1. If the viscosity is 0.890 mPa s and the temperature 25 °C, what translational diffusion coefficient in µm²/s does Stokes-Einstein give for the chain when Rh comes from Kirkwood over Cα pairs?
2. Calculate how many DSSP beta bridges within the range 72-198 are antiparallel, expressed in % of all such bridges and rounded to the nearest 5.
3. Most mobile of I190, I49, I157 per a Gaussian network model of the chain (Cα springs, under 10 Å)?
4. Which of the aspartates and glutamates could be linked to K217 by a straight reach, that is with a Cα gap under 13 Å, when you skip same-chain ones fewer than 8 residues away?
5. Please give the direction-averaged projected area of the C-alpha convex hull for the range 100-190, in square nanometres with one decimal.
6. Which Cα, out of T97, L86, L38, lies furthest along the positive dipole direction of the range 13-98 (beta carbon charges, K/R +1, D/E -1)?
7. With springs connecting C-alpha atoms under 10 Å apart, model the chain as a Gaussian network and identify which of K169, K246, K124 has the largest mean-square fluctuation.
8. Decide, for the range 182-227, between rounded, prolate and oblate: order the square roots of the alpha carbon gyration tensor eigenvalues as a ≥ b ≥ c, take rounded if a/c falls under 1.5, and otherwise choose prolate if a/b is larger than b/c, else oblate.
Amino acid sequence: MEIKLASKVGFCYGVERAYEKALELVDKNKKVYIYGDLVHNNEVKNELISRGVNFFYSLRELPLDSKESICIIRAHGIPKKDKKFLSEHFYKIIDLTCPIVEKVFNYAYEMQQKGYFIVAYGKKEHAEMIGLKGNIDENKIEIIKEPIPFKHNKICIITQTTMDYHNFKNFASNIAQISEYNELIIKDTICYETKIRENEAKDIAIWAEFVIIIGGKHSSNTRKLYEISKKYNENSIHIDSVNELKEQNLSKFKKIGILTGTSTPNKSINEVIEFLRRGF
Ligand code: SF4
């Protein structure tokens, strides 16, 4: 059997950076809290908890020992006012907002300063979009997934870093057609990690007889890889651990492709490869 692993697998740059930093701090005996989930992957979360990292999810329920603890801001970023609040209530905060996400926040801010109304292609409830809105003037931005007409002198269309490129292109050209404006800028702010993984998903799905997509069931970028793969190959499966493979009859497939989301730990990938090599 031939196994083809995508060239980009495991944590993306932003997640790896936050994960390593959290572990480095607990290894130095620091009390560490992460505000929100670092990634949508239970295995990663349980691993961090077992190594001594703590989590909290609401600013109204701060840990009792916050004044003696370090708070990590995860890769998605948070609103400015929340960051200020945390810095007032924790001994120290370490902002590990992914630099790529931060660049988008800064870009949107600069464009607003130049008079542009921001239209962001994204999910309103996604942490990154909440962070974006909270770092710029929230009255001059609309976060949407379906195009609607706008009427502004200057419009700038950007996107959540993890959205699909082709959908973004359609979205932006639709807005351009139905809106009224004097100036329009379309800026593709999708992260390169997302693009590389999505392009490869198509190639691997076409090559393989069976495709395994490894990642948390709530991870939207993993789900997207699954959708792309499924489009080109009916025999695609989304699993979050090797256990789900054990129910599959894989002996008939000679070419197996493997893709992973940006929050999938190497441990899960290695377990799948080992399982396939052992010959179920
Ligand atoms: S997907 Fe890209 S933007 Fe998002 S955390 Fe990872 S590297 Fe940063």
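1. 121 µm²/s
2. Roughly 0 percent of the DSSP beta bridges within the range 72-198 come out antiparallel.
3. With Cα springs under 10 Å in the chain, the top fluctuation among I190, I49, I157 is at I49.
4. E43, E227, D240, E244
5. Details: hull surface 19.8 nm².
Across all orientations, the range 100-190 yields a mean hull projection of 5.0 nm².
6. L86
7. K246
8. Prolate is the answer for the range 182-227, as a/c is 1.5 or above and a/b outweighs b/c.
The values are calculated or read from the model by the stated rules, or taken from the named source; none is laboratory data. What you see is a predicted model; the values in this text were computed from it and never measured. Neighbour counts run over all protein chains shown; Cβ positions are idealised from the backbone, glycine included. SASA here: full protein model, heavy atoms, side chains in, ligands and nucleic acids out. Shrake-Rupley method; radii C 1.70, N 1.55, O 1.52, S 1.80 Å.
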